[in-house]
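One structure below.
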Amino acid sequence: MADNARAKKLADLIQEVVAGKLQRGIKDPRLGTHVTITDVRVTGDLREATVFYTVYGDDEERASAAAGLQSAKGILRSAVGAAAGTKFTPTLTFVADALPENARAIEDLLDRVRASDAKVREASSGATYAGDADPYRKPEDEDTASE
(Lines give C-alpha, C1' and ligand atoms only; values in the text may rest on other atoms or scores of the structure.)
Protein backbone atom coordinates (compact mmCIF):
# COMPACT_ATOMS: atom_id res chain seq x y z
CA MET A 1 0.00 0.00 0.00
CA ALA A 2 1.37 3.38 -1.00
CA ASP A 3 1.58 6.34 1.30
CA ASN A 4 -0.57 9.43 0.86
CA ALA A 5 2.35 11.58 -0.29
CA ARG A 6 2.97 9.30 -3.26
CA ALA A 7 -0.72 9.25 -4.14
CA LYS A 8 -0.81 13.06 -3.97
CA LYS A 9 2.24 13.36 -6.23
CA LEU A 10 0.68 10.97 -8.73
CA ALA A 11 -2.60 12.90 -8.58
CA ASP A 12 -0.79 16.17 -9.32
CA LEU A 13 1.08 14.54 -12.22
CA ILE A 14 -2.15 13.10 -13.65
CA GLN A 15 -3.81 16.52 -13.44
CA GLU A 16 -0.93 18.18 -15.32
CA VAL A 17 -0.68 15.47 -17.98
CA VAL A 18 -4.42 15.25 -18.65
CA ALA A 19 -4.81 19.04 -18.80
CA GLY A 20 -1.84 19.39 -21.11
CA LYS A 21 -2.99 16.57 -23.36
CA LEU A 22 -6.50 18.02 -23.58
CA GLN A 23 -5.06 21.40 -24.48
CA ARG A 24 -2.50 20.28 -27.05
CA GLY A 25 -2.74 16.62 -27.95
CA ILE A 26 -6.35 15.67 -28.59
CA LYS A 27 -8.05 16.88 -31.74
CA ASP A 28 -11.60 16.03 -30.66
CA PRO A 29 -13.85 19.09 -31.25
CA ARG A 30 -15.99 18.11 -28.26
CA LEU A 31 -13.01 18.77 -26.00
CA GLY A 32 -12.34 22.38 -26.83
CA THR A 33 -10.86 24.97 -24.54
CA HIS A 34 -13.97 24.95 -22.36
CA VAL A 35 -12.96 21.80 -20.37
CA THR A 36 -11.01 22.42 -17.17
CA ILE A 37 -9.48 19.73 -14.95
CA THR A 38 -10.21 20.85 -11.39
CA ASP A 39 -8.98 17.99 -9.23
CA VAL A 40 -7.64 14.43 -9.29
CA ARG A 41 -7.92 11.87 -6.52
CA VAL A 42 -5.94 8.64 -6.53
CA THR A 43 -6.74 5.62 -4.37
CA GLY A 44 -4.20 4.46 -1.80
CA ASP A 45 -3.11 1.48 -3.91
CA LEU A 46 -2.51 3.78 -6.93
CA ARG A 47 -4.81 1.67 -9.13
CA GLU A 48 -7.66 4.10 -9.78
CA ALA A 49 -7.77 7.82 -10.37
CA THR A 50 -10.88 9.99 -10.38
CA VAL A 51 -10.49 13.09 -12.54
CA PHE A 52 -12.88 15.95 -11.79
CA TYR A 53 -13.61 18.42 -14.56
CA THR A 54 -15.82 21.41 -15.28
CA VAL A 55 -17.19 22.55 -18.60
CA TYR A 56 -17.93 26.14 -19.44
CA GLY A 57 -21.20 26.13 -21.32
CA ASP A 58 -24.70 24.72 -21.36
CA ASP A 59 -25.96 21.20 -20.70
CA GLU A 60 -25.43 20.14 -24.30
CA GLU A 61 -21.76 21.12 -24.18
CA ARG A 62 -21.36 19.29 -20.85
CA ALA A 63 -22.82 16.09 -22.32
CA SER A 64 -20.64 16.45 -25.41
CA ALA A 65 -17.52 16.96 -23.28
CA ALA A 66 -18.37 13.90 -21.16
CA ALA A 67 -18.66 11.78 -24.31
CA GLY A 68 -15.39 13.21 -25.62
CA LEU A 69 -13.56 12.40 -22.40
CA GLN A 70 -14.91 8.85 -22.43
CA SER A 71 -13.65 8.34 -25.99
CA ALA A 72 -10.24 9.86 -25.19
CA LYS A 73 -9.78 7.86 -21.98
CA GLY A 74 -7.31 5.39 -23.55
CA ILE A 75 -5.11 8.09 -25.06
CA LEU A 76 -5.08 10.00 -21.78
CA ARG A 77 -4.23 6.88 -19.77
CA SER A 78 -1.34 6.11 -22.15
CA ALA A 79 -0.02 9.65 -21.72
CA VAL A 80 -0.26 9.33 -17.93
CA GLY A 81 1.56 5.98 -18.05
CA ALA A 82 4.38 7.41 -20.15
CA ALA A 83 4.78 10.39 -17.82
CA ALA A 84 4.44 8.52 -14.53
CA GLY A 85 6.76 5.62 -15.22
CA THR A 86 4.99 3.42 -12.69
CA LYS A 87 4.52 -0.34 -12.96
CA PHE A 88 0.76 0.01 -13.23
CA THR A 89 -0.99 2.98 -14.82
CA PRO A 90 -4.13 3.92 -12.88
CA THR A 91 -7.48 3.66 -14.59
CA LEU A 92 -9.06 7.05 -15.19
CA THR A 93 -12.64 7.84 -14.27
CA PHE A 94 -14.01 11.23 -15.31
CA VAL A 95 -16.56 12.89 -13.05
CA ALA A 96 -18.20 16.25 -13.67
CA ASP A 97 -17.30 18.52 -10.77
CA ALA A 98 -20.30 19.88 -8.87
CA LEU A 99 -18.36 22.89 -7.61
CA PRO A 100 -19.82 25.47 -10.04
CA GLU A 101 -23.40 24.41 -9.29
CA ASN A 102 -22.72 24.46 -5.54
CA ALA A 103 -21.11 27.89 -5.80
CA ARG A 104 -24.08 29.17 -7.79
CA ALA A 105 -26.51 27.82 -5.17
CA ILE A 106 -24.54 29.45 -2.36
CA GLU A 107 -24.48 32.76 -4.25
CA ASP A 108 -28.26 32.58 -4.71
CA LEU A 109 -28.71 31.94 -0.97
CA LEU A 110 -26.42 34.84 -0.11
CA ASP A 111 -28.37 37.14 -2.46
CA ARG A 112 -31.63 36.15 -0.74
CA VAL A 113 -30.10 36.82 2.68
CA ARG A 114 -28.79 40.21 1.54
CA ALA A 115 -32.25 41.15 0.26
CA SER A 116 -33.83 40.00 3.54
CA ASP A 117 -31.28 42.01 5.54
CA ALA A 118 -32.00 45.08 3.42
CA LYS A 119 -35.76 44.74 4.12
CA VAL A 120 -35.14 44.42 7.86
CA ARG A 121 -32.76 47.38 7.81
CA GLU A 122 -35.33 49.45 5.90
CA ALA A 123 -38.15 48.49 8.28
CA SER A 124 -36.09 49.29 11.36
CA SER A 125 -34.72 52.62 10.15
CA GLY A 126 -37.44 54.76 11.77
CA ALA A 127 -38.32 52.41 14.62
CA THR A 128 -37.89 53.16 18.29
CA TYR A 129 -37.46 50.87 21.25
CA ALA A 130 -40.62 49.54 22.88
CA GLY A 131 -39.60 50.36 26.46
CA ASP A 132 -37.83 53.23 28.12
CA ALA A 133 -34.72 54.67 26.66
CA ASP A 134 -32.74 53.15 29.56
CA PRO A 135 -34.10 49.64 30.29
CA TYR A 136 -31.83 48.94 33.29
CA ARG A 137 -32.98 49.20 36.90
CA LYS A 138 -31.36 51.78 39.04
CA PRO A 139 -30.88 51.62 42.79
CA GLU A 140 -33.66 53.36 44.65
CA ASP A 141 -33.00 56.64 46.34
CA GLU A 142 -32.21 56.50 50.04
CA ASP A 143 -35.26 58.62 50.83
CA THR A 144 -37.73 56.18 49.31
CA ALA A 145 -35.95 53.12 50.73
CA SER A 146 -36.34 54.23 54.38
CA GLU A 147 -40.07 54.90 54.12
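At 1.4 Å probe size, with the rest of the protein present, what percent of the exposed accessible area of the stretch 1-128 is carbon and sulfur atoms? Whole-percent figure for carbon plus sulfur exposure: 53.
Most simply put, the chain has about 55% antiparallel DSSP beta bridges, counting only bridges with both residues inside it. Each Lys and Arg contributes +1 and each Asp and Glu -1, all at the Cβ; summed about the Cα centre of the stretch 1-84, the dipole is approximately 360 debye. Of the peptides 59-68, 99-108, the ranking by mean beta-carbon count within 10 Å, highest at the top, reads 59-68, 99-108. Excluding ligands, DNA and RNA, the accessible surface per residue across the chain is 74 Å² with a 1.4 Å probe.
Taking the inverse of the mean 1/r over every pair of distinct Cα atoms in the chain gives a Kirkwood hydrodynamic radius of 19.9 Å. Charge dipole (Cα centre; +1 on Lys/Arg Cβ, -1 on Asp/Glu Cβ; no other charges) of the chain amounts to roughly 1980 debye. Pairing the Cα long axis of helix 73-84 with the longest principal axis of the chain, what angle in degrees results, from 0 to 90 and rounded to the nearest 10? Orientation of helix 73-84: about 90 degrees from the principal axis.
Most fluctuating residue of G25, G85, G126 in a GNM of the chain with Cα springs under 10 Å: which is it? In this elastic network of the chain, the residue with the biggest mean-square fluctuation among G25, G85, G126 is G126.
The values are calculated or read from the model by the stated rules, or taken from the named source; none is laboratory data. Since the model is a prediction, treat every value here as computed from it, not as a measurement. FYI the Cβ positions are ideal-geometry reconstructions off the backbone, even for glycines, and counts take in every protein chain you see. With ligands, DNA and RNA removed, areas are computed over all heavy atoms of the protein, side chains included. Shrake-Rupley method; radii C 1.70, N 1.55, O 1.52, S 1.80 Å.
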